[in-house]
Amino acid sequence: MAASQWQNFPIMGQYLLLLAYTLGFWGIGFWTGKDLKLTSQTLTAIATLLIPINFWAISHLGLGGNLLEWGVIVLAVATLAAA
């Protein structure tokens, strides 16, 4: 659904969706760590590969035009750096 409706999302929504997917992959990978090793490693690898795309998207989408966007940027950078 996200791919077919991508252009209908506002720029902030597009980035938040990407961030949610990244954190979702990381969270599920962390959660499955004990029981499903291969699944956990795969999801964590996908999340790791999405981190640079998140930073690229912040720049490419032109976020930072208002205070709310700066708040999202700060939260995203802190969260992605900790992950």
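For the stretch 38-81, taking Cα atoms only, Rg and Dmax work out to 12.6, 41 Å respectively. For the set 58, 28, the ranking by accessible area, highest first and with no ligand, DNA or RNA atoms included, is 28, 58 under a 1.4 Å probe. Site pair residue 67 and residue 30 shows an inter-label distance of 3.0 nm when each label is modelled 7 Å from Cα along Cα→Cβ. At the residue level, residue 26 shows approximately 100 square angstrom of accessible surface with a 1.4 angstrom probe and all protein chains present.
Set the Förster distance to 30 Å, then compute FRET efficiency between residue 38 and residue 6 from the Cβ-Cβ distance, nearest 0.05.
That pair, residue 38 with residue 6, gives E of 0.50.
Taking only DSSP H segments of four or more residues, each worth -39500 (n - 2.57), what value at 222 nm results for the chain once the sum is divided by all its residues, to the nearest 500 deg cm²/dmol?
After summing the helix terms and dividing by residue count, I get -25500 deg cm²/dmol.
When the chain is treated as a GNM with alpha-carbon contacts under 10 Å, the residue of 47, 57, 20 showing the greatest mean-square fluctuation is 20. With all pairs of separate Cα atoms included, the chain yields a Kirkwood hydrodynamic radius of 13.5 Å.
The values are calculated or read from the model by the stated rules, or taken from the named source; none is laboratory data. Not measured: the values here are computed from a predicted model. All Cβ positions, glycine included, derive from the backbone under ideal geometry; neighbour counts span all protein chains shown. What goes into the accessible areas is simple: the full protein's heavy atoms, side chains included, and nothing from ligands, DNA or RNA. Shrake-Rupley method; radii C 1.70, N 1.55, O 1.52, S 1.80 Å.
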